[in-house]
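Trainee: The structure under discussion is supplied below as structure tokens; questions concerning it will follow.
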Amino acid sequence: MSATFSPVLLDALRNARHLLVFTGAGVSAESGIPTFRDALTGLWERLDPAELATPDAFAHDPALVWGWYEWRRKKVLAAQPNLAHHVIAELVTCVPRLTLVTQNVDDLHERAGNTDVIHLHGSLHQPRCSVCGQPHALHSDAPIEPEEGRRLEPPRCVHCGERVRPGVVWFGETLPEAALNAAFEAARDCDCLLSIGTSGVVQPAAMIPQLAAESGAVVAHVNSQSMTVLGPRQVSLVGPAGKVLPALIDVAFG
Ligand code: OAD
């Protein structure tokens, strides 16, 4: 990819007082984690998360839903952070303040070195009781060969005996209030936002780049496909995040 970047973006990055990094499934694609909506590799192609990622699906067939999330969790455990995750972790040292907001339920940002990651859609690694809400410790953490489509009975809560559920946000559920408020506050406050590897179609998370732009921030969309809906002070950087981000950071801070 070309290492020519918009001077507006480079200035915004170099002078950023508060940089907001907002990530989606595309940032983990180069670690081998399937995205949700990309043709051929997207999870939507083979399985239908819209039908599995709901409270109704869990009530109707808990073993199917738990098995699907365990398959995804094992896939993440077997994966490693990629260059994009590492560059985002390095960015913390380049700007006075960085907030990292992710829609991803994996822990690859943390494993690359970021702390205080705001997870808007929860985490695969923090299951909880579906009734009393108590966190549940998972003991089968060894990275094993993931098995797609395996049905698995969810464990039972040690406090109340009810079924444990994945610690993620399902369709029809509200996002964790504190995380959403912190993300919106950062969007209003930041002067530069990097939106990386997200299709921007799932609300309310998708409002974050727009809110930042409306509040005066320069917004860059890093995506393997060109992003069409762009306003003034928004740029599209087309290419895999693992290539675009190192090049951008090298030009801006190298
Ligand atoms: P999507 O699968 O909707 O979008 C992934 C985006 O990443 C697409 O726009 C791809 O073009 C882009 N992409 C793929 N590979 C890339 C790469 N190597 N570098 C850069 N970009 C790449 O994933 P999200 O936008 O994260 O919600 O989806 C949002 C939410 O929809 C998810 O958090 C999930 C899902 O329903 C819940 O589970 C609640």
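The values are calculated or read from the model by the stated rules, or taken from the named source; none is laboratory data. Since this is a predicted model, take the numbers as computed values, not measurements. No Cβ is skipped: glycine too gets one built from the backbone with ideal geometry, and neighbour counts run over all protein chains shown. Just so you know, the surface numbers come from the protein's heavy atoms only, side chains and all, with ligands and any DNA or RNA stripped out. Shrake-Rupley method; radii C 1.70, N 1.55, O 1.52, S 1.80 Å.
Trainee: With only Lys, Arg, Asp and Glu charged, each at its Cβ (+1 for the first two, -1 for the last two), find how big the charge dipole of the chain is about the Cα centre; round to the nearest 20 debye.
Mentor: Rounded to the nearest 20 debye, it is 180 debye.
Trainee: Something else now. Which value at 222 nm does the chain reach when only helices count, each DSSP H run of 4 or more adding -39,500 (n - 2.57), with the total divided by all residues and rounded to the nearest 500 deg cm²/dmol?
Mentor: Helices in the chain give a 222 nm mean residue ellipticity of -9500 deg cm²/dmol.
Trainee: Whole number in Å², please: accessible area per residue of the chain, 1.4 Å probe, ligands, DNA and RNA not counted.
Mentor: 47
Trainee: With a 1.4 Å probe and all protein chains left in place, how much of the accessible area of segment 4-124 comes from carbon and sulfur atoms, in whole percent?
Mentor: 54
Trainee: Within a Cβ distance under 10 Å of Ala16, other residues only, what is the Lys/Arg minus Asp/Glu net charge?
Mentor: +1
Trainee: Next up: Can you give the accessible area of Phe36, probe radius 1.4 Å, in Å² rounded to 10?
Mentor: Approximately 60 Å² for this residue.
Trainee: Name the residues whose placed amide hydrogens come within less than 5 Å of the amide hydrogen of Gly239, ignoring near sequence neighbours (fewer than 5 apart) on the same chain.
Mentor: Close amide H contacts, sequence-distant or interchain: Asn223, Ser224, Gln225.
Trainee: A further question follows. Among Ala89, Gly197, His60, pick out the residue whose Cα is farthest towards the positive end of the charge dipole of the chain, where Lys and Arg carry +1 and Asp and Glu carry -1 on C-beta, about the Cα centre.
Mentor: Ala89
Trainee: Tell me the carbon and sulfur percent of the accessible area for segment 177-249, rounded to whole percent, probe radius 1.4 Å.
Mentor: 55
Trainee: Quick check on the chain: what are the equivalent-ellipsoid semi-axes from the Cα gyration tensor, as sqrt(5λ), descending, whole Å?
Mentor: 33, 18, 17
Trainee: Out of residues 5 or more away from Val168 or on other chains, whose amide H comes under 5 Å of its own, with H placed 1.01 Å from N in the peptide plane?
Mentor: Ser123
Trainee: Can you work out ³J(HN,Hα) from phi for every residue in segment 246-253, in order, using Karplus 6.51 cos²θ - 1.76 cosθ + 1.60 and θ = phi - 60°, giving whole Hz and x for Gly and Pro?
Mentor: So the Karplus estimates, Gly and Pro as x, are x, 5, 4, 5, 5, 5, 6, 10 Hz.
Trainee: Another question, if that's okay. So, by mean Cβ neighbours within 10 angstrom, what's the order for 239-249, 165-175 with the highest one leading?
Mentor: 239-249, 165-175
Trainee: Express in whole angstrom the spacing between the alpha-carbon centres of segment 240-254 and segment 208-223.
Mentor: 18
Trainee: Using the Cβ atoms and a cut-off under 14 Å, what net charge is assigned to the surroundings of His85, where Lys and Arg are +1 and Asp and Glu are -1?
Mentor: Once all neighbours under 14 Å are counted, the net charge is -3.
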